[in-house]
Amino acid sequence: MGFRLRLALFFVATLVTVQLLTAGLVYEVTRHALISEGERQLTANARAFEAQMDDISARVAGNVEVLSLDYALRSAIAERDRGTVLSVLRNHGRRVGASRMLLIGLDGRVQADTAGATPPLTRFPFPDLMRSAYMRRTAAVVATDGKAAWVVVVPIYAPQPVAMVVVYVPLDDALLAHLQHLSALPRDLELAAQLTPGHWSVVARGDRHAGMLASLVAAHQPLPRKPRLTVVDGQQYMVLAQPLQQPASSRPVMAVLGYSLDSALQPFRAVGIAWGSLLALGFGVGLLGAWLTARSVARPIESLALAARRIEAGDYGAPPGMPRHDEIGQLAATFASMTAAIRQREQHIRHQAMHDSVTGLPNRAAAELAIDQWLAAAGSAGGAVLMIGLTRVPDIIKTMGHALCDRLMLDASERIRRTAVEAYLARITDMQFMLWLPQADEPAATAVAIHLLDALNLPYQDTDVTIDGLPSIGIALAPADGSDAATLLRHAEVAQFAASGSSAALSIYDAATDPHRPERLSLMGDLREALEGSKLSLHYQPKLDLGQRRIEGVEALVRWQHPRLGWVPPDSFIGMAEDTGNIHRVTRWALATALAQAKRWRARGLPLQVAVNLSARDLEDRELPARIGALLAIYALPPDCLTLEVTERAVISERDTAIQILRRVAEQGIGIAIDDFGVGQATFAYLRHLPVSELKIDQMFIKHLATDRNDQIIVRSLVDLSHRLGYRVTAEGVESQGALDYLAAIGCDCAQGYFIAPALDVDGFAAFLTARGGTVGVRTPP
Ligand code: G
Ligand code: G
Ligand code: MN
């Protein structure tokens, strides 16, 4: 139920209730007044009725007294002349309106009866009336044969009483109507007689009557001797039964008087109607007024509610203005300022959600949205995502704190902005920006990237420090490297990661080398299974001692026969295992397997040296030295039968931990070989700090050794220098007799390569040893 309707209903309900209460009060007061008025009137009327009857008695008595002076009557009485008596009585009777006249002797016997109903000498039935008639005028009501009559008894004197005359005046409807006509008798009047004991019936009624006796009898109520309220024919009446004068032996007769309250209320009815009309009018006007008032209150509230719903739906348009000065006007004004505040706050929150607070640039979410929108709108036009990372930021934060780093990033963002004015720039992470170059192809993107690197490579000057952010940029191209923003960003990030490790500091995404390809994850799962289910195996490539022309040892190389992919080269899973932290398992497995094999060879009288490859990540494993020591102890092998191969890169990039681990290994008497020597940045000066026992010259220098003069010079110098520094030297990738001969000639210690043998499984190696038994033997310890 709406506010408007409720307000209107309340107004009207109040109006009607008050009016009805007033009406009820007025009605009750009036009714009470009318009831007491009715009682008063009924009592007065009863007395008036008695007075009327008295008048009749007086008139009748006067007439009969005149009759008693009639000489003819007196002599006829004396002579007992019934005929004359009757005719005189009839004459007089007509004059007073009597229905019957009796002449009664002093002995109480009827001497003449004008009705002729009484046999002569019958006793008059009401002797008490005759006795009192000597003293005063005597009259009473008598009921006989269903009729009532007013009986007047008058003595005849001559001069002594000689007889009595009894006059019957009929108390019938006509008489009552006559009396009502003449005087102020109540209009509702009945005469009731108890003709049979206990049963009242009406013997006469006025010209208007309401059947009061019938109603009382029907309701089994006694005749009320005091005014009482009774319902007669559905109307309210005051009723009073007034007993009349009666001789002792007559049946009881009463006058029943009525006073209609409804008739008495009649004059008030007009007032009631007028009042009702006024009420209806007031009702209508009140309703209209209430509705109008409610509307003037409800309308603005409804429009404010509508505005609130609009805000809920995100529409912050100004709410309707309300030029009012009341409470609602105040509410509307407050509402408007609240809307404005919410709008501002939401804009702020939205901006914060989509922007970086330091540079004010859009963030990753905003960038993805923008690129996706652009791609959707531009169709196949494509573009380039440049992921620009400042590689040193994490270090800078750790050493210099966030505040300086924020300034650095702000400065970087301004440099990028200046270099690529048109492009869409966003800050993706703490250390990365992203530049979106719509419609740019690879050459265009590369050109921009080179400019950016130039701009960012200038060191950042902050009050008293100069900082080099070390920028690197990865490029992903749409649609080739991804058709949605998320993929493009991910790929650009992969490229940037690759770039951060390369000297060019710039890399274009290449799906083939992406170390984050989804299949990698499943491959790593498979690798774990392979480690547990011995799907990995080691192959062994012989190492030839050039001086003694013997096989002095082997390099263990891991092989993986994948159940689905078939042969998986180590290059493609070793790097992955390094990235995913699985390399430790591979290394432990390789060490255990290789040492177990060495033990088996020893048991057959072949004391072969075994070389096992380590990865850079293995040099973070502080447990490695102890683990290797334990393995040697388990197989009861001397430490010098094991060599660990580490790449130049691994020892250079790793820091103190790696060197400590290598030292602890070397201290046990285990050999350390530098693998792929010559291609990286390791210098002899650097190697001097490491516990290195052997250098393995990279295949690159050996492959064309037989023919290439430059390679010959390099290798000879390397071997010379190494020997001077006390290192053993192994040449890798020996593929020809010429190379082997040259190496032997310059005094290189060892050779390894396809010309001697590729990596062989255990059986293959055994066969190789048997086949080459004549020229190749196992070096005996010096
Ligand atoms: O012979 P082959 O193509 O498998 O060698 C490829 C590369 O894999 C080589 O550089 C070699 O050092 C590396 N490699 C082979 N086996 C292992 C191993 O067990 N551990 C590690 N870390 N590298 C290995
Ligand atoms: O980095 P490392 O020396 O561990 O690498 C050994 C790798 O070189 C293995 O993949 C092995 O199969 C390969 N290899 C061994 N001998 C030769 C050879 O004579 N020529 C070529 N091209 N590769 C070789
Ligand atoms: Mn190796």
For region 608-694, the spread of Cα positions along each principal axis, largest first, Å
38, 26, 19
Rg to Rh, two decimals, where region 695-756 supplies the alpha carbon set and Rh follows Kirkwood:
0.92
Only four residue types carry charge here, +1 at the Cβ of Lys and Arg and -1 at the Cβ of Asp and Glu. Report the dipole size of the chain about the Cα centre in Debye, rounded to the nearest 20.
5020
With every protein chain present, what accessible area does D579 have (1.4 Å probe, heavy atoms only), rounded to the nearest 10 Å²?
100
Qualifying GluC sites (Glu not before Pro) for region 15-117 [loop in DSSP, other Cβ within 10 Å: at most 11]
E79
Suppose accessible area is computed on protein heavy atoms with a 1.4 Å probe; arrange F11, F768 from highest to lowest.
F11, F768
Amide H neighbours of D462 under 5 Å, at least 5 residues apart or on other chains, H built in the peptide plane: list them.
I467
Can you pull the one-decimal nm distance between simple spin-label points at S522 and L292, each 7 Å off the Cα toward Cβ?
8.2
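In the chain, what percentage of the DSSP-assigned beta bridges are antiparallel, given to the nearest 5? Numbers along the way, then the final one.
Values: 88 of 115 bridges.
Restricted to the chain, the bridges split so that about 75 percent are antiparallel.
Which order do the peptides 474-485, 604-615 come out in when sorted by mean C-beta neighbours inside 10 angstrom, highest first?
Working: 474-485: 21.1, 604-615: 18.7.
Ranked by mean Cβ neighbours within 10 Å, highest first: 474-485, 604-615.
Counting alpha carbon pairs within less than 8 Å and at least 6 residues apart, what relative contact order, in whole percent, applies to the chain? Don't skip to the answer; put the middle values down first.
Working: 1217 pairs, mean separation 54.2, N = 782.
Worked out over the chain, it gives 7 percent.
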What percent does the relative contact order of region 302-438 come to when contacts are Cα pairs within less than 8 Å and at least six residues apart?
23
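Residues of the chain: accessible area per residue at 1.4 Å, in Å²?
50
Counting residues in region 516-622 as N, plug N into 2.2 N^0.38 Å and put the Cα Rg over that result. Each step should come with its number before you reach the end.
Numbers: Rg = 15.5 Å, N = 107, 2.2 N^0.38 = 13.0 Å.
Ratio of Rg to 2.2 N^0.38 Å for region 516-622: 1.19.
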Contour minus end-to-end for A370 and A51, with contour as 0.36 nm per residue of separation and end-to-end as the Cα-Cα distance?
103.0 nm
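Based on the mean of other beta carbon atoms within 10 Å per residue, what is the order of 12-23, 85-96, most packed first? Numbers along the way, then the final one.
On the way: 12-23: 12.9, 85-96: 18.0.
Ranked by mean Cβ neighbours within 10 Å, highest first: 85-96, 12-23.
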Report the Cα-based extents of region 452-604 along its three principal axes, largest first, to the nearest Å.
70, 41, 27
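Using the Kirkwood formula on the Cα atoms of region 113-250, what hydrodynamic radius do you get, in angstrom to one decimal?
Values: mean 1/r = 0.0587 Å⁻¹.
By the Kirkwood definition, the hydrodynamic radius is 17.0 Å.
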Residue-normalised 222 nm signal for the chain, counting each DSSP H run of n ≥ 4 as -39,500 (n - 2.57), nearest 500 deg cm²/dmol, is -16500 deg cm²/dmol
For region 367-503, calculate the relative contact order in percent as a whole number, restricting contacts to Cα pairs under 8 Å that are 6 or more residues apart.
35
5 Å is the cut-off here: which amide hydrogens, built 1.01 Å from N in the peptide plane, fall below it relative to E645, excluding neighbours closer than 5 in sequence?
V612, N613, L614, A673
Take every Cα-Cα pair in region 423-517 and report what % of them are more than 19 Å apart.
40
Alpha carbon Rg of the chain, scaled by the compact-globule rule 2.2 N^0.38 Å:
2.56
Where Lys and Arg each count +1 and Asp and Glu each count -1, what net charge lies around S201 among other residues with Cβ under 12 Å from its Cβ?
+2
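Could you work out Rg/(2.2 N^0.38 Å) for region 6-109, with Rg from alpha carbons only? Each step should come with its number before you reach the end.
Details: Rg = 31.4 Å, N = 104, 2.2 N^0.38 = 12.8 Å.
It is 2.45.
For the chain, which whole-number percentage of the solvent-accessible area (1.4 Å probe, protein heavy atoms only) is attributable to carbon and sulfur atoms?
Values: 22510 of 39430 Å².
Ligands and nucleic acids excluded, carbon and sulfur give 57 percent.
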How big is the Cα convex hull of region 542-585 in projection, averaged over all directions, in nm²?
4.6
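I'd like the Kirkwood hydrodynamic radius of region 582-629, using the inverse of the mean 1/r over distinct C-alpha pairs, in Å.
Numbers: mean 1/r = 0.0861 Å⁻¹.
In region 582-629 this quantity evaluates to 11.6 Å.
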Where does region 211-339 land on the Kirkwood hydrodynamic radius, alpha-carbon pairs, in angstrom?
21.6
Ordered by number, the trypsin sites (Lys or Arg not before Pro) in region 548-601 that occupy a DSSP loop and have at most 11 other Cβ atoms within 10 Å are R564
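Give the calculated FRET efficiency between A58 and V271 to the nearest 0.05, with a Förster radius of 35 Å applied to their Cβ-Cβ distance.
Details: r = 45 Å, r/R0 = 1.27.
Efficiency computed from Cβ-Cβ geometry: 0.20.
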Give, rounded to the nearest 20 debye, the magnitude of the charge dipole that region 135-251 has about its Cα centre when Lys and Arg contribute +1 at Cβ and Asp and Glu contribute -1 at Cβ.
400
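Equivalent-ellipsoid semi-axes (√(5λ), Cα gyration tensor) for region 365-411, whole Å, largest first? List each step's numbers first, then the result.
On the way: eigenvalues 227, 23, 11 Å².
Square roots of five times the eigenvalues give 34, 11, 8 Å.
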Can you give me the P(r) profile for region 233-292? Cα pairs, bins 5 angstrom wide beginning at 0, each as a whole percent.
4, 14, 11, 11, 9, 9, 9, 8, 6, 5, 4, 3, 3, 2, 1, 1, 0
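The values are calculated or read from the model by the stated rules, or taken from the named source; none is laboratory data. These figures come from a predicted structure and were not determined experimentally. Cβ atoms come from the backbone with ideal geometry, glycine included; neighbour counts cover every protein chain shown. The accessibility values were calculated without ligands, DNA or RNA, using every heavy atom of the protein model including side chains. Shrake-Rupley method; radii C 1.70, N 1.55, O 1.52, S 1.80 Å.
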